[in-house]
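Colleague: Before anything else, here's the structure in question.
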Amino acid sequence: MKQPAATAVPTALRTAFIIHFWADIVFAVPLLVAPEALLGLLGWQQVDPFTARLVAAALFGVGIESYRARDASADAYRTMLDLKVIWSFTALLGVAVSLMEGAQGRPLGAWLVLVIFAAFHGLWVYWWRRMRAPASSGRAQLAA
């Protein structure tokens, strides 16, 4: 497998990791502390606090590691991007299937979650591709 020649991590990608940390934490804290209240506000008809808190744990894990990795090497970013692409895609798929099945009465909050995961997935796929682009593709200067 060809290794990318670029070793610089763009400032915009580092910033995206920090934004992702805050987005995860903003949802994870109330999901851990008061899942019924948060999901009730988002329109859920029934809440399983056990599962909601597992989701909160995943958000904490991905979000905190995003913050911790903000000053890491390009190789570390590539590894984290692998995780973020997989996590956002499977979350997006799970939410979409649930909405198609009519889960929870298809609340507006679930559509919001779908849009958020779709936006992050698009962002992570963009950076995943860019961080793997060979230097000859005209993207050798990734420090932008």
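The values are calculated or read from the model by the stated rules, or taken from the named source; none is laboratory data. These numbers were taken from a predicted model, which means no experiment stands behind them. Neighbour counts are summed over all protein chains in view; Cβ atoms, including those assigned to glycine, are modelled from backbone coordinates with ideal geometry.
Colleague: In region 86-97, how many are buried (at least 18 other Cβ atoms within 10 Å of the Cβ) and either of a type in the set (Phe, Trp, Tyr) or within 14 Å of residue 16 (Cβ to Cβ) (or both)? Before the answer, list the steps.
Modeller: Keep residues of region 86-97 that are buried (at least 18 other Cβ atoms within 10 Å of the Cβ), which gives 87-88, 91-92, 95.
Next cut, either of a type in the set (Phe, Trp, Tyr) or within 14 Å of residue 16 (Cβ to Cβ) (or both) only: 87-88.
Residues that pass the stated criteria total 2.
Colleague: Which count do you get for residues in region 105-144 that are among the aliphatic types (A, V, I, L, M) and either surrounded by fewer than 16 Cβ atoms within 10 Å (Cβ to Cβ) or modelled with pLDDT under 85 (or both)?
Modeller: Selection size over region 105-144: 11.
Colleague: Residues that are surrounded by 14 or more Cβ atoms within 10 Å (Cβ to Cβ) and of a type in the set (A, V, I, L, M, F, W, C): list the helices (runs of 4 or more DSSP H) wholly contained in region 1-77 that include at least 3 such residues.
Modeller: Helices (runs of 4 or more DSSP H) meeting the threshold: 11-33, 49-68.
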